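Can you keep this structure in mind? I'll have questions shortly.
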């Protein structure tokens, strides 16, 4: 008895569970299955139609002729049947003969099998001898022992040819899918290759045309946003200078806070547009994530309730240090802002997980409703519980963190930790 390991059984079960989903999802395999069903249906219809068409003809024409022929063969053997005549008959025709009677029991072939037909190939003479006729050992069976597998191999070959043909026909769909994924990530550098001049080729060309229009529109929007942000900095600087020179009062302090918030907003907007270019906006160098986390905590959050649990040894990462520093600072600032009322320290940990380094920042605050988790990293989004400016910021912190992680080839995931919010960033080694 062969015992399959638990992992193997789980993988086997998982493959069986996924196969129907993959089949329903794959247009190629469904077309191949359709071809096979059409082939099987054609065979069934042809065979059934042939039997229906010739069934009555067999009963009316062929069966009487065969019955008369068997009568003549039985008569040629004589009464009582002559074995020598039977041997000569077997040597001349591809048949087998079996004789059973009062004084004779003989068979031309040890493996004699009578042909079916409700006694059509069996005769009994007046002396009680029973003569059965069957098929003999055909020479073609001896020369071609694997002949019965030829139809199966032919069917498999036709299936492979059908799959190869469908695969070639739908190859542009793979290019279109890969191109759509690139365009969805904002990468318009490589257009979808147009390999053929059929409908799929036209579709690829139309998607490329659409992507070109989207790229132009996005460039225009980014250029407008950058221009507005740059133009706002000069009057904002003058307004802050005038506020600094005015008399000290509560209104002056409120005005300075609003001006600082506007300056922070403009800085974040400019940074988000730069990061939208992806890896091209980064200047990378080898850096140790543990050292970076310690520096951010020491310089920006000294004396704050923060608990560190950093891995002993981490491989160096290729990071843009200013952007990675901004990510860590924003995550810690967000955790302190929303978890300070819980009385528990912010928990920060690092860990090596396969070919990725994992950074985890968790607070013990009220958390976020599940239906709002997926929106937290969107620009200018703040959940209702943090709608005020003093508690919720401008709504770009986590968005910038996601852009930094993605531009480094990593991911940012937010989830409720019950209590609190947990943010996980994975950096590729």
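For residue 45, work out the one condition from (1) farther than 30 Å from residue 127 by Cα; (2) at pLDDT 75 or above; (3) touching a helix residue (DSSP H, G or I) at 6+ places or on another chain (Cβ under 8 Å) it doesn't fulfil.
Unmet for residue 45, out of (1) farther than 30 Å from residue 127 by Cα; (2) at pLDDT 75 or above; (3) touching a helix residue (DSSP H, G or I) at 6+ places or on another chain (Cβ under 8 Å): (3).
Is it true that residue 339 is outside any loop (DSSP other than H, G, I, E, B) and touching a residue at least 40 places away in the same chain (Cβ under 8 Å)?
Taking the combined requirement at face value, the residue satisfies it.
Filter the range 240-261 for residues that are assigned to a helix (DSSP H, G or I) and touching a helix residue (DSSP H, G or I) at 6+ places or on another chain (Cβ under 7 Å) and give the result.
Hits for the range 240-261 are 240, 243, 252, 255, 256, 259, 261.
Might you check whether a residue that is free of Cβ contacts under 8 Å to residues at least 40 places away in the same chain, touching a helix residue (DSSP H, G or I) at 6+ places or on another chain (Cβ under 7 Å) and not in a helix (DSSP H, G or I) occurs anywhere in the range 295-306?
The answer is yes; a qualifying residue exists.
From the list 268, 320, which residue is assigned by TED's automatic domain parsing to the domain that holds residue 365, surrounded by 15 or more Cβ atoms within 10 Å (Cβ to Cβ), within 40 Å of the chain's Cα centre (by Cα) and touching a residue at least 60 places away in the same chain (Cβ under 8 Å)?
None of the other options fit; the residue is 320.
Follow-up question, since we're still on this one. Quick one: how many residues across the range 282-309 are out of contact with any strand residue (DSSP E or B) (no Cβ under 9 Å at 6 or more places or on another chain), closer than 17 Å to residue 405 by Cβ and surrounded by fewer than 16 Cβ atoms within 10 Å (Cβ to Cβ)?
Of the residues in the range 282-309, 1 are out of contact with any strand residue (DSSP E or B) (no Cβ under 9 Å at 6 or more places or on another chain), closer than 17 Å to residue 405 by Cβ and surrounded by fewer than 16 Cβ atoms within 10 Å (Cβ to Cβ).
Tally the residues that are modelled with pLDDT under 85 and either touching a strand residue (DSSP E or B) at 6+ places or on another chain (Cβ under 6 Å) or surrounded by 11 or more Cβ atoms within 10 Å (Cβ to Cβ) (or both), restricting the search to the range 203-230.
So the answer is 13.
For residue 264, only one of the following conditions fails: (1) under 14 Å from residue 397 (Cα atoms); (2) in contact with a helix residue (DSSP H, G or I) (Cβ under 9 Å, 6 or more places away or on another chain). What is its number?
Only one criterion in (1) under 14 Å from residue 397 (Cα atoms); (2) in contact with a helix residue (DSSP H, G or I) (Cβ under 9 Å, 6 or more places away or on another chain) is unmet by residue 264, namely (2).
Here is a follow-up. Restricting attention to the range 355-375, and to residues there that are under 30 Å from residue 318 (Cβ atoms) and either at pLDDT below 80 or in a helix (DSSP H, G or I) (or both), which single residue is nearest to the chain's Cα centre (by Cα)?
Here the answer is 374.
So which residues in the range 377-410 are part of a loop (DSSP other than H, G, I, E, B) and modelled with pLDDT of 80 or more?
Result: 408, 409, 410.
All but one of (1) under 22 Å from residue 337 (Cβ atoms); (2) modelled with pLDDT of 80 or more hold for residue 318, so report the exception by its number.
Result: residue 318 fails condition (1) only.
So, in the range 411-429, of the ones that are in a loop (DSSP other than H, G, I, E, B) and in contact with a helix residue (DSSP H, G or I) (Cβ under 9 Å, 6 or more places away or on another chain), which residue ends up surrounded by the most Cβ atoms within 10 Å (Cβ to Cβ)?
Filtering first and then ranking leaves 420.
The values are calculated or read from the model by the stated rules, or taken from the named source; none is laboratory data. Nothing here was measured: the structure is a model prediction, and the numbers come from that model. Neighbour counts run over all protein chains shown; Cβ positions are idealised from the backbone, glycine included.
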